[in-house]
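The numbers here are math on the coordinates, done by the rules we state, and not lab data. Given the structure is predicted, the values throughout are model-derived calculations rather than measurements. So basically every Cβ, Gly included, is an ideal-geometry build from the backbone, and we count neighbours across all protein chains shown.
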Amino acid sequence: MQNELKLSFIGGGNMANALIGGLLSQPGADARISVIDPNPEALQKLAQQFGVATAAQIDAALVDSDVIVLAVKPQQMREVAVMLAPHLNRQLVISIAAGIRMADLAEWLGGHAAIVRCMPNTPALIAQGITGMVASAGVSAAQQLTADEILRAVGATVWVEREALIDSVTAVSGSGPAYVFYFIEAMQQAALELGLTAEQGNALAVSTFCGAAQLAAKATEPIATLRQRVTSAGGTTHAAITSMEESEVKQAIVDAIKAAAARSRELGEEFGAS
C-alpha cells in the first residue's frame with residue numbers, strides 16, 4: 001500500500017473495526033486512520049484499541065484524506081453523503097452499504113466521480129471475508145489498486161464488471177454466512193433429536209462445516225465431485241442426499257438466494273436519488 005495512506009472512515013461499526021484492525025495488523029502497515037461517528041462509546045473503543053484519530057462529525061479535515069470509507073447503514077447514506085460533499089475533491093470514496101447505487105451516491109456527493117462500491121461479509125471480522133467490488137468510470141488504476149488492498153486486509157476480493165452484479169454478490173456472499181449458520185442450526189437440531197447433547201451436536205456440526213469448507217477451498221475438482229465421493233450408492237449419505245433432492249432443498253436454496261438479490265435491487269430503488 002502507498003506510504004502513509006490517509007484513510008477516513010465515516011461510521012465506526014463492526015465492518016469499520018474489522019477493516020481498521022486488518023489494515024493495522026499487516027506487516028509494514030503505514031496508514032493515518034481517522035474515524036467519524038456520532039457514538040462516543042464507539043469512538044472511545046476505536047481510539048483505545050487502535051490508536052486512531054476520532055471525531056463526532058464530518059468536517060473540513062476530510063479534505064486531506066486519500067480515501068474515505070462510507071461504513072454507514074443504507075438508510076443513513078443520503079444524509080451522510082450530502083454532508084460529505086462540500087469536503088470532496090480528489091479522494092477515492094469506498095461504499096460498503098448494501099443496495100446503494102453508485103449513480104445515486106455520486107449525485108448525493110455533488111457529482112463526485114471516484115467511487116468504488118463493495119459488498120464484504122461478516123467473516124471479515126476474523127480476516128476470512130470475501131468482498132465483491134466494482135469501480136466507477138472515474139476511478140483511476142492506482143485508486144482501484146488501493147481499494148483492493150484495503151479490502152484484502154480482511155480477506156479475498158472479487159471484482160465484477162457491472163454494478164448490477166453487486167446485487168448478485170450481496171445475495172451469494174454478503175448474505176451467505178447466514179445460510180451457513182442456518183444449515184448448522186439444522187444439523188444441531190438433528191443431532192439433538194438423534195440423542196446427542198447440544199455440545200456434541202455443536203462440535204460435530206461446526207467442525208464438519210469448517211473441515212468441508214477447507215477441503216473445498218484446497219480441491220482442484222468440482223464441488224460436485226467432492227460430494228459424490230462421500231455419497232456411496234445405498235449408503236447413509238446417499239439416503240440423506242436423496243431425501244434432500246426429494247424435498248428440492250437445492251432449488252429452495254437457489255430460490256432464496258435469488259430472493260436476496262431481488263431485495264438488494266429493491267434497496268437501491270428505496271434509497272435511490274429519485
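Could you compute the FRET efficiency for residue 85 and residue 50, with r as their C-beta to C-beta distance and R0 at 30 Å, rounded to 0.05? All intermediate terms of the calculation are to be shown ahead of the outcome.
Working: r = 28 Å, r/R0 = 0.92.
After rounding to 0.05, the efficiency reads 0.65.
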| Residue-span extension gain [residue 258 to residue 196] - 0.36 nm each, minus C-alpha spacing | 18.8 nm
| task | Any chance you could run the full-extension gain for residue 206 through residue 73? It's 0.36 nm times the residue separation minus the Cα-Cα distance, nm to one decimal. | result | 44.9 nm
| field | Whole-number D in µm²/s for the chain (Stokes-Einstein; Kirkwood sum over Cα pairs; 4 °C, 1.567 mPa s) | value | 63
| message | If you average the C-alpha positions of the range 132-173 and of the range 31-45 separately, how far apart do those two centres end up, in angstrom? | response | 25
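Determine, from the Cβ-Cβ distance of residue 270 and residue 156 and an R0 of 25 Å, the FRET efficiency 1/(1 + (r/R0)^6), rounded to the nearest 0.05.
Values: r = 30 Å, r/R0 = 1.18.
Efficiency for this residue pair is about 0.25.
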| task | For the chain, with a Gaussian network of springs between Cα atoms less than 10 Å apart, report the residue from 110, 174, 155 with the top mean-square fluctuation. | result | 110
| said: Suppose only helical runs count, i.e. DSSP H with n ≥ 4. What mean residue ellipticity at 222 nm does that imply for the chain under -39500 (n - 2.57) per run, divided by all residues and rounded to the nearest 500 deg cm²/dmol? | reply: -15000 deg cm²/dmol
| Under a plain spin-label model, where a point goes 7 Å from the Cα along Cα-to-Cβ, how far apart in nm are residue 221 and residue 239? | 2.4
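Express in nm, to one decimal, how much length is gained between residue 246 and residue 14 on full extension, taking 0.36 nm for each residue of separation and deducting their alpha carbon distance. Walk me through the numbers before you get to the answer.
Values: separation 232, 0.36 × 232 = 83.52 nm, distance 3.99 nm.
Between residue 246 and residue 14, full extension yields an extra 79.5 nm.
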| request: For the range 51-98 and the range 227-265, compute the distance between their C-alpha centroids and round to whole Å. | output: 42
| task | Kindly rank 235-247, 118-130, 88-100 from highest to lowest mean number of other beta carbons found within 10 Å of each residue. | result | 88-100, 118-130, 235-247
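Take the alpha carbon atoms of the range 176-264, find their radius of gyration, then divide it by 2.2 N^0.38 Å using N residues; give the quotient.
Values: Rg = 14.6 Å, N = 89, 2.2 N^0.38 = 12.1 Å.
Taking N as the residue count of the range 176-264, the ratio is 1.20.
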| field | Under 12 Å from the Cα of residue 258 - aspartates and glutamates, other chains or at least 8 residues apart | value | 167
| note | Once normalised by the length of the chain, the mean sequence separation of its alpha carbon contacts under 8 Å that are 6 or more apart gives a contact order in percent of 16
| What size of dipole, in debye to the nearest 20, comes out for the range 176-264 about its Cα centre when the only charges are +1 on Lys and Arg C-beta atoms and -1 on Asp and Glu C-beta atoms? | 340
| Between residue 121 and residues 5 or more places away or on another chain, which pairs have amide H atoms under 5 Å apart, with H built 1.01 Å from N, and which residues are they? | 130
